[in-house]
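Engineer: Below you'll find the structure I mean.
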Amino acid sequence: MNKPAPKPWIMDIAPYIPGRSTTDDGRTVAKLSSNENPLGTSPAARAAFAAAAGKLERYPDASATELRDAIAAANGLDAARIIYGNGSDEVLHLAAGAFAGPGDEVIHVRYGFAVYEIATRRVGATPVIAPDRDYATDVDAVLACVTDATRIVYIANPNNPTGTYAARDEIARLHAGLPPHVLLVLDHAYAEYIDGAAADGGMELAERASNVLVTRTFSKLYGLAAERIGWGYGAPELIEAMHRIRLPFSITIAGQNAAIAALADTDFVTHTRDHNARWRAWFADEIAKLGNAGLRAVPSQANFVLVVFEGAVTAEVAYKGLMDAGYIVRWLPGQGLAQGLRITIGTEEETRGVIAALRGIVGA
Ligand code: PMP
């Protein structure tokens, strides 16, 4: 060997491709490709961010004590059982880093979030992909994938990129069917967008079970994607193992302060949630009207909708047409989803604009 050799499993990783914000010819268009908050950020969070921005010479609090206390108080949780990360992406990686390695298997669903496969391969473990049921998580299919080598099951609920949601009894059945040594990671990046009071019971499972980790983020509902703040909640032994490998200072002082203020701004949170529920329902209804052209909205409980194209106009053609009309959405052929477009619920104007453009593209 005359040069450093990357581990073979690292070279099997397909690089993560983020949602785009400009076109090939450099035009900036409405970005509906990364499920960000179309209403921006809470003004209180913005002010807290600005107030902290001057303190550059000190490291942030490595334990994020104030932030963890604020999260615990807002959610009725035990602060000692919270771990934070540079986005929930980091927490998802920490789970794989602490609980899987070469020879182990890690399950996720087909059409799952791309980071699960990267986190799995990064530690030399093998991804095992459970088939979906019409884009939704199929608990029986997941359980059928479990072997003696399984160490982790990653489930996003709601799921990205499909928006589908597994209800509380389904998650309970999944957990009950897993051997106790398998870590169930319930990724709640979009859980705040679930209709009404419905919840998947994940936090209660994380409170009482020794093998459940719930991950959450400030990137979506709280409008703080730029600041990269996510967190996880689980049994003390799980959290303690992950703390051993995390980066000591992975979130900034300004970000921590912004997140604390964002938690307190319940008006902004409620407004965001109401906006999303209203326009998600409107968007799905409008797509249903394009059923004759072969368009179908997969039922979503998230802040985006997966539109499947089963008629003459393909998802690729619609993707390009929307780009020409000024909207970047997410087309995921690399994830085996060449037939669909994942479209973030934007402002009212953007949401109406996407539908108008789609009508034009399919000739409705
Ligand atoms: N989980 C899911 C399902 C996601 O869609 C995302 C964002 N794309 C994340 C986790 C990570 O979000 P963040 O790192 O910004 O917290």
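Nothing in this text is a laboratory measurement; each read-out follows from the coordinates by a stated rule. Just so you know, these numbers come straight off a predicted model, no measurement behind them. Because the Cβ atoms are built from the backbone with ideal geometry, glycine has one as well, and the counts that use them run over all protein chains shown.
Engineer: Mind giving me the FRET efficiency for Asp274 and Thr65? R0 is 25 Å, r the Cβ-Cβ distance, nearest 0.05 is fine.
Structural biologist: Working: r = 33 Å, r/R0 = 1.30.
With a Förster radius of 25 Å, E is 0.15.
Engineer: Fewest first, what order do Met323, Met1 take by the number of other Cβ atoms within 10 Å? The partial results should precede the final answer.
Structural biologist: Working: Met323 19, Met1 4.
Taking fewest neighbouring Cβ atoms as first place, the list is Met1, Met323.
Engineer: If you don't mind, another one. For the chain, state what percent of all Cα-Cα pairs lands in each successive 10 Å bin, counting from 0 Å until the bin that includes the largest distance.
Structural biologist: 5, 24, 32, 26, 11, 1, 0
Engineer: Checking the cross-link filter: which aspartates and glutamates have an alpha carbon closer than 18 Å to that of Lys55, excluding same-chain neighbours under 8 positions apart?
Structural biologist: Glu66, Glu227
Engineer: Check Ala235: other-chain or 5+ apart residues with amide H under 5 Å from its amide H, H built from backbone geometry?
Structural biologist: Placed amide hydrogens put Val212 under 5 Å from Ala235.
Engineer: Calculate how large, on average over all directions, the projected area of the Cα convex hull of region 161-313 is; give the answer in nm² to one decimal. Intermediate values should be presented prior to the final figure.
Structural biologist: Details: hull surface 46.3 nm².
Mean projected area of the Cα convex hull: 11.6 nm².
Engineer: Here is a further query. Tell me, Trp331, Trp279, Trp9 in order of fewest to most beta-carbon neighbours within 10 Å?
Structural biologist: Trp9, Trp279, Trp331
Engineer: Whole-Hz ³J(HN,Hα) for each residue in region 299-310, computed from phi via Karplus 6.51 cos²θ - 1.76 cosθ + 1.60 with θ = phi - 60°, x for glycine and proline: what do you get?
Structural biologist: x, 10, 10, 10, 9, 8, 10, 8, 9, 9, 10, 10
Engineer: Given the DSSP H assignment, sum -39500 (n - 2.57) over each helix run of at least 4 residues in the chain and divide by its residue total; what's the result at 222 nm in deg cm²/dmol, nearest 500? Show your work: numbers first, answer last.
Structural biologist: Values: 13 runs with 139 residues, N = 364.
Result for the chain, helices only: -11500 deg cm²/dmol.
Engineer: Springs between alpha-carbon atoms under 10 Å, Gaussian network over the chain: tell me which of Glu237, Glu286, Glu316 tops the mean-square fluctuations.
Structural biologist: The residue that fluctuates most here is Glu237.
Engineer: Express in nm, to one decimal, how much length is gained between Asp195 and Arg173 on full extension, taking 0.36 nm for each residue of separation and deducting their alpha carbon distance.
Structural biologist: Working: separation 22, 0.36 × 22 = 7.92 nm, distance 2.13 nm.
Between Asp195 and Arg173, full extension yields an extra 5.8 nm.
Engineer: Further question on the same structure: Collect residues whose amide H, placed 1.01 Å from N in the peptide plane, falls under 5 Å from the amide H of Ala130; neighbours closer than 5 in sequence don't count.
Structural biologist: Hits under the 5 Å cutoff: His108, Val109, Arg110.
Engineer: Another question about this same structure. What full-extension length gain, to one decimal in nm, is calculated for Ala209 and Glu348 as 0.36 nm per residue of separation minus the Cα-Cα distance?
Structural biologist: Working: separation 139, 0.36 × 139 = 50.04 nm, distance 4.15 nm.
Computed gain between Ala209 and Glu348 is 45.9 nm.
Engineer: Not counting the cut sites, what is the longest span of the chain without trypsin sites (Lys or Arg not before Pro) that DSSP labels loop and that have at most 13 other Cβ atoms within 10 Å? Mind showing how you got there, number by number?
Structural biologist: Working: sites that count: Arg27, Lys55, Arg58, Arg244, Lys289.
That gives 59-243 as the longest site-free run.
Engineer: While we're looking at this one, here's another question. Just want the ordering: Leu205, Leu143, from fewest to most Cβ atoms lying within 10 Å of their own Cβ.
Structural biologist: Leu143, Leu205
Engineer: Okay, next question. Given axes a ≥ b ≥ c from the Cα gyration tensor, I'd like to know whether region 12-135 is rounded (a/c under 1.5), prolate (a/b larger than b/c) or oblate. Please report the intermediate quantities before stating the final value.
Structural biologist: On the way: a/c = 1.94, a/b = 1.21, b/c = 1.60.
Oblate shape, in that a/c is at least 1.5 and b/c is the bigger or equal ratio.
Engineer: Right, something else. Which FRET efficiency value, to the nearest 0.05, is calculated for Leu247 and Lys3 with the Förster distance at 35 angstrom and r the Cβ-Cβ distance? Provide the component values of the computation, followed by the final result.
Structural biologist: Numbers: r = 27 Å, r/R0 = 0.78.
Result of the calculation: an efficiency of 0.80.
Engineer: Can I ask one more? Where the centroid of each part is defined by its Cα atoms, how far is region 128-142 from region 324-352 in Å?
Structural biologist: 23
Engineer: Can you tell me which lysines have their Cα less than 16 Å from the Cα of Lys220? Leave out same-chain residues fewer than eight positions away.
Structural biologist: Output for Lys220: Lys31.
Engineer: Now for a separate question. For Asp134 and Ile17, calculate 0.36 nm times their separation in residues minus their Cα-Cα distance, and state this gained length in nm to one decimal.
Structural biologist: Working: separation 117, 0.36 × 117 = 42.12 nm, distance 2.46 nm.
That works out to 39.7 nm of additional length.
Engineer: Compute the label zone of Asp285 within region 292-309: residues whose backbone N is under 19 Å from the point 7 Å along Cα-to-Cβ.
Structural biologist: 292, 295-307
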